[in-house]
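First the structure, in the form of structure tokens, and then the observations on it.
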Amino acid sequence: MSDSTFLGKWRRKCAKHLLSAPNFVVFSYLDFLDSVFCVIYKHLDLLFEGKASPCYCTTKKIDINGQLSDDNEISETLQYGKRKKLKELVVLLRFVEDLLNKSKAFEAIYSSKNRKNGDFYRVGNRWSDCGCDSCISWMKTDDPKLHVEVNKASSQAMGNPNPTENVIFIHGILSSSSFWTKTLFPKLSESKKIKEYQMYAVDILGHGKSPKPRDNLYTLKEHVEWIEKSLISEYKLNSFHVVAHSMGCIIGLALAAKHSTSLKSITLVAPPYFPSKEGVEMRAMKWLTPKRLWPPTAFIWSIMVWDVNFMVMDLTKHIHHSGWHTTHNVLYRGVKEMDKNLETLMKLKKRVHVIVGSRDKTIPPDFRHNIKTKFPDVELLNIPNAGHRSIILTRETDFAHNLFHIWENTASHHHHHAHIEGE
């Protein structure tokens, strides 16, 4: 080993150890604040609403009403993560909480609020949530559904009342349908081929203009059921392609596996794939959201380098309850279901396409090897010099071409097999 190589490795190791100290201090402090605010918000909930939200500072599984639950849709990162941190602090906080609970003044206020508000806890907008139109407008209807953007330039708008293909687009965490409609849809609409396609971009539950129910744990199953109700049933889709990005790939795969007879193809863009095995939820959490202070510009750069307007707006169009639970119960818990859903599609000879960027740091380094080893029939496309978002946002024209190519090949493949079976 040369001296320069040795010095380079030594410097990197020193830098890593130097950063570990401030990492520990800062995140221990944040863990402390997390536990403190857990107690504070519980009592503020009681004060303003008459009933507190369930707390995850416990070793037991709980549902949205604070009752014991055996629901395996709830992520272990929610169930056990907080109790394992700062146990002594939690004991102290529980002592303080017990003192507050014994206060007759607090008991009187809470019981009074509870009688006045009735079912307000489950139905109304929470005191701590945003009250903007996009967050509460869904409450004005008796049968709320997800917000769906239908591409205005396709099918009927171009004189074709009966498009031959339907395409469902699913965005990732803390995003919305605008991720597709503001970037990719205009490029797809420039092609003459678009008249054959009807495209639907959905705001997943708790995001964008879609409902944000408070009596919901935002599990993978619930996300799929809302898409079925609001899109597949509402628009009577008998067959469709699916295109999903990032966390949306987990939802898209679950939807595709459940409706495999209707699926024509699924395209997974930058999927957070981890082989399903013991401890995969905790591994996904540590990899996707590591506790690191450096580089400090990573998050800012990821949103500032692109179209700031719609992406910053997307970040504000969810509430803490929906964002928090979707992150844990879909992003971390959902990775556990990806192998099973991929196996379902592979057995049925469905076309599964995976598109990843060579510079995507959110994907584990062994991702390509793992998915091709386990599912060799998955069609993997590696895009040089593309990151997690730039795989679409800096190459919209090329990505539109990629999708048309996939959809056309799927149609040819389907017709070929139908011809063989007819003989």
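The values are calculated or read from the model by the stated rules, or taken from the named source; none is laboratory data. It should be emphasised that the depicted structure is a prediction, and the values quoted were computed from it without experimental measurement. Cβ sites come from the backbone with ideal geometry, for glycine too, and all protein chains shown count toward neighbours. Side chains are part of the model used for accessible areas, which takes the heavy atoms of the whole protein and leaves out ligands, DNA and RNA. Shrake-Rupley method; radii C 1.70, N 1.55, O 1.52, S 1.80 Å.
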Of (1) modelled with pLDDT of 65 or more; (2) more than 30 Å from Y332 (Cβ to Cβ); (3) open to solvent by 60 Å² or more (accessible area, probe 1.4 Å); (4) of a type outside the set (D, E), L188 fails just (3)
Applying the selection to the stretch 218-252, what residues are among the small types (G, A, S) and touching a Pro at 6+ places or on another chain (Cβ under 7 Å)? S246
Looking at (1) among the aromatic types (F, W, Y); (2) at pLDDT below 90; (3) over 20 Å from R389 (Cβ atoms), which is the one condition that is false for W301? (3)
Is it the case that some residue within the stretch 192-201 is β-branched (V, I, T) and out of contact with any helix residue (DSSP H, G or I) (no Cβ under 8 Å at 6 or more places or on another chain)? no
Name the pairs whose Cβ atoms lie under 7 Å apart, with the first residue in the stretch 229-252 and within 16 Å of R333 (Cβ to Cβ) and open to solvent by 10 Å² or more (accessible area, probe 1.4 Å), the second among the small types (G, A, S) and not in a helix (DSSP H, G or I), and 6 or more positions between them or separate chains? S246/G172; S246/A270
Which numbered condition in (1) modelled with pLDDT of 85 or more; (2) assigned to a loop (DSSP other than H, G, I, E, B); (3) of a type in the set (A, V, I, L, M) is the only one that L293 fails? (1)
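Conditions tested, residue by residue: (1) in a helix (DSSP H, G or I); (2) surrounded by 14 or more Cβ atoms within 10 Å (Cβ to Cβ); (3) of a type in the set (A, V, I, L, M, F, W, C); (4) modelled with pLDDT under 95.
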| position | (1), (2), (3), (4) |
| --- | --- |
| N385 | no, no, no, yes |
| H388 | no, yes, no, yes |
| F399 | yes, yes, yes, no |
| E408 | yes, no, no, yes |
| H413 | yes, yes, no, yes |
| I420 | yes, no, yes, yes |
Name the single residue, out of those in the stretch 330-375 being acidic (D, E) and touching a helix residue (DSSP H, G or I) at 6+ places or on another chain (Cβ under 8 Å), that is farthest from A256 (Cα to Cα). D360
Of everything in the stretch 359-368, what is out of contact with any Leu (no Cβ under 8 Å at 6 or more places or on another chain), open to solvent by less than 60 Å² (accessible area, probe 1.4 Å) and outside any helix (DSSP H, G or I)? Give them in sequence order. D360, I363, P364, D366
Pairing a residue in the stretch 345-371 that is closer than 15 Å to T410 by Cα with any residue that is polar (S, T, N, Q) and open to solvent by 40 Å² or more (accessible area, probe 1.4 Å), where Cβ atoms lie under 8 Å and the two sit 6 or more apart in sequence or on different chains, gives R351/N409
Inspect the stretch 217-228 for any residue being more than 22 Å from L78 (Cα to Cα), open to solvent by less than 30 Å² (accessible area, probe 1.4 Å) and touching a residue at least 40 places away in the same chain (Cβ under 8 Å) and give the result as yes or no. yes
Just to verify a result, which residue in the stretch 304-340, among those that are aliphatic (A, V, I, L, M) and at pLDDT 55 or above, is farthest from V224 (Cα to Cα)? I319
Output the number of residues of the stretch 337-357 satisfying the condition of being surrounded by 22 or more Cβ atoms within 10 Å (Cβ to Cβ) and of a type in the set (D, E). 0
Identify the single condition in (1) at pLDDT 90 or above; (2) closer than 25 Å to I74 by Cα; (3) open to solvent by 60 Å² or more (accessible area, probe 1.4 Å) that K277 does not satisfy, given that it satisfies every other one. (1)
Checked the stretch 369-381 for anything open to solvent by less than 70 Å² (accessible area, probe 1.4 Å) and under 20 Å from L288 (Cβ atoms); matches are N370, I371
